[in-house]
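Q: First the structure, then my questions, so here it is.
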Amino acid sequence: MRLGIDSYSLKDQGWDAFQMLDYSAGIGLDNVHFSERGNFASLEPEYLRRLKAHADELGLSVEVGMGSFNRYAVSFKPGLGSGEQQLADMIGAASIMGSPVVRCFMGMEVDRTGTVPFAEQLDECVRTLRAVAPRARDAGIKIGVENHGGVDLLARELRDLIETVGTDVVGACLDTGNPAYGAEDPLLSAEILGPYTVTSHVRDTRIWADERGAQAQWTPLGQGNVDLRGILAILQAQVPTVPVDLEIITGRGPKALPYFDRSSKFWTVYPQMLAQDFARFVALAAKGAPGALEQVTADGNPATQPADLRQALRDQQRRHFEESVRYAKDVLGLGERKG
C-alpha cells in the first residue's frame, strides 16, 4: 500500500506546501495529505496548479482537506463561510490538485456535550453534506469525514452518518489514534469503517488499565499496543488503493479514561456506546503495559513556551515521524518507493 504523510504530523516545522512536498519525496513517501486549508498559501487556481505540477515532478500524489463543517462545533471557522461553502471551496481545490477526496470533520469530543444537543449537530452535518453532494458527485470527489478529536464520532456513529448521506458522496477518513481517546479499540473502528474508508490517518497508541479505567497516549509507530497489522490487513483487503497517511502526534501526556469512576463525566459523553464495544477496549487496556512514553512533553499555548522547549519539541516531532516512516517501511512493508 502507498505510504503518505498527514501534514499535521509536522505542523510545527514551519514549512510551506512546496517544502512539505520536497521533504516527503526526499524520505521516500508516495502521498502527501494536506489535511488543513491553512496548508495552502491560497486557493487561487494558479497557485494550486503550480503546487500540483511540483507534486507531479516529484512523483507524489496529493490529498486535500479542511477542518470542521459543523457550524455548531467549537472549532468551526465561520469567517471562511458556511459549512457547505467551505466544502465547496475545497472540492474546487481538490479538482485542481487531483485529490480524490476532501477530508473534514464534525468537531471535537467537547462538542458532544456542548450547548447544542448532539443529535441536532448530527442533523446539521447531514444537511450540510447533502447540500454539497451534487457538487461532489459532479467532480467525482468523495468527502472523507474523520472520526476526529478524541473522539467526536464513534465508528458506528460515523458509519450511520455516511450511510444516511450516501456512500456515493461520503466516506470515512479512518483515524486510528482518536478512537482510543474515546475508549474504542482502533481495530474495532477499522472493522466497522474499513469498507467506507476513502483516506486515512494512521498512528499508534499506548493503552493500559488503571484503577479508574484506563490511560491512552499517542506514540510513534511500533511503540504502542494497537493492532496495526490487523488494521492494515483490513484496509489492504477492502480498500487497497487508499494510502496509509501517517499522522504522528507526540509531545503530549496520556489521557485519562475514568470509565469506572462514577463521579466522572465519561458516560455523559458516550452514553450510547455498546457494551460489546466497550468490552473490547477494556480487554485491550488490560493487556497493555503501564507507563507513559519517555519524551519531551508540553501543554498549553506554544507561544508562551520557552524557545528551547519549542525547539526540542520540533526536533522530537520530526524524529518521531521519521522513526515511524522507517517502522512503516521496514516492519509493516508499506510504501511503493525507496527513500
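Q: From Gly79, Gly114, Gly107, Gly98, grab the single residue that is in contact with a Ser or Thr (Cβ under 6 Å, 6 or more places away or on another chain) and more than 25 Å from Tyr327 (Cα to Cα).
A: Gly107
Q: Quick one: which of Ala285, Ala256 is at pLDDT 95 or above, touching a strand residue (DSSP E or B) at 6+ places or on another chain (Cβ under 8 Å), assigned to a helix (DSSP H, G or I) and surrounded by 11 or more Cβ atoms within 10 Å (Cβ to Cβ)?
A: Matching residue, one of Ala285, Ala256: Ala285.
Q: Then there is this: With respect to the numbered conditions (1) under 20 Å from the mean Cα position of the chain (by Cα); (2) within 17 Å of Glu84 (Cα to Cα); (3) of a type in the set (Lys, Arg), which one is the sole condition not fulfilled by Arg156?
A: Single failed check for Arg156: (2).
Q: Any residue at all in region 126-141 that is at negative phi, within 20 Å of the chain's Cα centre (by Cα) and of a type in the set (Gly, Ala, Ser)?
A: The answer is no, given that none of the residues of region 126-141 is at negative phi, within 20 Å of the chain's Cα centre (by Cα) and of a type in the set (Gly, Ala, Ser).
Q: Report yes if Thr241 is within 16 Å of the chain's Cα centre (by Cα), assigned to a loop (DSSP other than H, G, I, E, B) and either exposed (fewer than 13 other Cβ atoms within 10 Å of the Cβ) or of a type in the set (Val, Ile, Thr) (or both), otherwise no. Even if it seems obvious, please write down each step before you answer.
A: Values: within 16 Å of the chain's Cα centre (by Cα): no; assigned to a loop (DSSP other than H, G, I, E, B): yes; either exposed (fewer than 13 other Cβ atoms within 10 Å of the Cβ) or of a type in the set (Val, Ile, Thr) (or both): yes.
So Thr241 does not fit the description; no.
Q: Return yes when Leu232 is in a loop (DSSP other than H, G, I, E, B), more than 23 Å from Val110 (Cβ to Cβ) and not charged (D, E, K, R) and no when it is not.
A: Numbers: in a loop (DSSP other than H, G, I, E, B): no; more than 23 Å from Val110 (Cβ to Cβ): yes; not charged (D, E, K, R): yes.
So Leu232 does not fit the description; no.
Q: Condition first: surrounded by fewer than 24 Cβ atoms within 10 Å (Cβ to Cβ) and either among the polar types (S, T, N, Q) or under 18 Å from Ser264 (Cα atoms) (or both). Now tell me which residues in region 168-204 satisfy that.
A: Tyr181, Thr197
Q: Return the total of residues in region 107-121 being more than 19 Å from the chain's Cα centre (by Cα) and part of a helix (DSSP H, G or I). Give the derivation first.
A: First pass over region 107-121, keeping only residues more than 19 Å from the chain's Cα centre (by Cα): 113-121.
Among the residues that remain, those that are also part of a helix (DSSP H, G or I) are: 113, 118-121.
Within region 107-121, residues that are more than 19 Å from the chain's Cα centre (by Cα) and part of a helix (DSSP H, G or I) number 5.
Q: Only one of Gln316, Gln276 is of a type outside the set (D, E, K, R), under 21 Å from the mean Cα position of the chain (by Cα) and not in a loop (DSSP other than H, G, I, E, B). Can you tell me which? Please lay out each step first, then the result.
A: Values: Gln276 fails: under 21 Å from the mean Cα position of the chain (by Cα).
Going through Gln316, Gln276 in turn, just one is of a type outside the set (D, E, K, R), under 21 Å from the mean Cα position of the chain (by Cα) and not in a loop (DSSP other than H, G, I, E, B): Gln316.
Q: Among the residues of region 281-330, count how many are more than 20 Å from Glu247 (Cα to Cα) and of a type in the set (D, E, K, R).
A: Matching residues across region 281-330 total 2.
Q: Another one. Only residues that are of a type in the set (Ser, Thr, Tyr) and more than 18 Å from the chain's Cα centre (by Cα): list them for region 68-99, please. First the steps, then the outcome.
A: Just the residues of region 68-99 that are of a type in the set (Ser, Thr, Tyr), to begin with: 68, 72, 75, 82, 95, 99.
Those that are of a type in the set (Ser, Thr, Tyr) and more than 18 Å from the chain's Cα centre (by Cα): Tyr72, Ser82, Ser95.
Q: A further question follows. List the number of the failed condition for Leu51; all other conditions in (1) in contact with a helix residue (DSSP H, G or I) (Cβ under 9 Å, 6 or more places away or on another chain); (2) closer than 27 Å to Ala312 by Cα hold.
A: Among (1) in contact with a helix residue (DSSP H, G or I) (Cβ under 9 Å, 6 or more places away or on another chain); (2) closer than 27 Å to Ala312 by Cα, the lone unmet condition for Leu51 is (2).
Q: While we're here: Please name all residue pairs, on different chains or six or more residues apart, with Cβ atoms under 9 Å, provided the first residue is in region 106-117 and is closer than 18 Å to Gly177 by Cα and the second residue is exposed (fewer than 14 other Cβ atoms within 10 Å of the Cβ).
A: Within 9 Å, the pairs are Gly107/Val74; Met108/Val74; Val110/Val74.
Q: Filter region 125-138 for residues that are in contact (Cβ under 8 Å) with a residue 40 or more places away in the chain and out of contact with any Phe, Trp or Tyr (no Cβ under 6 Å at 6 or more places or on another chain); which is nearest to Arg71 (Cα to Cα)? Quick ask: steps written out before the conclusion?
A: The initial filter retains those residues of region 125-138 that are in contact (Cβ under 8 Å) with a residue 40 or more places away in the chain, namely 125, 128-129, 131-132, 135-136.
Add one more test, that the residue is out of contact with any Phe, Trp or Tyr (no Cβ under 6 Å at 6 or more places or on another chain), and what stays is 125, 129, 131-132, 135-136.
Values: Cys125: 9, Leu129: 12, Ala131: 14, Val132: 15, Arg135: 20, Ala136: 20 Å.
If we take residues in region 125-138 being in contact (Cβ under 8 Å) with a residue 40 or more places away in the chain and out of contact with any Phe, Trp or Tyr (no Cβ under 6 Å at 6 or more places or on another chain), then Cys125 is nearest to Arg71 (Cα to Cα).
Q: Then there's this: Within the group Glu247, Glu184, Glu157, which residue is farther than 24 Å from Gly335 by Cβ, in contact with an Asp or Glu (Cβ under 8 Å, 6 or more places away or on another chain), modelled with pLDDT of 95 or more and among the acidic types (Asp, Glu)? I'd like the intermediate steps shown before the answer.
A: Numbers: Glu247 fails: farther than 24 Å from Gly335 by Cβ; Glu157 fails: in contact with an Asp or Glu (Cβ under 8 Å, 6 or more places away or on another chain).
After ruling out the rest, the residue left standing is Glu184.
Q: In this structure, is Ser75 buried (at least 21 other Cβ atoms within 10 Å of the Cβ), at negative phi and in a loop (DSSP other than H, G, I, E, B)? Before the answer, list the steps.
A: Details: buried (at least 21 other Cβ atoms within 10 Å of the Cβ): no; at negative phi: yes; in a loop (DSSP other than H, G, I, E, B): yes.
Here the answer is no, as Ser75 does not meet what is asked.
Q: Moving on to the next point. Could you give me the residue pairs with C-beta distances under 8 Å whose first residue belongs to region 232-256 and is charged (D, E, K, R), whose second residue is exposed (fewer than 15 other Cβ atoms within 10 Å of the Cβ) and at pLDDT below 95 wherever it lies, and which are 6+ apart or on separate chains?
A: Going by the 8 Å Cβ cut-off, the qualifying pairs are Arg252/Asp299.
The values are calculated or read from the model by the stated rules, or taken from the named source; none is laboratory data. These figures come from a predicted structure and were not determined experimentally. Cβ: placed from backbone, ideal geometry, glycine included. Neighbour counts: every protein chain shown.
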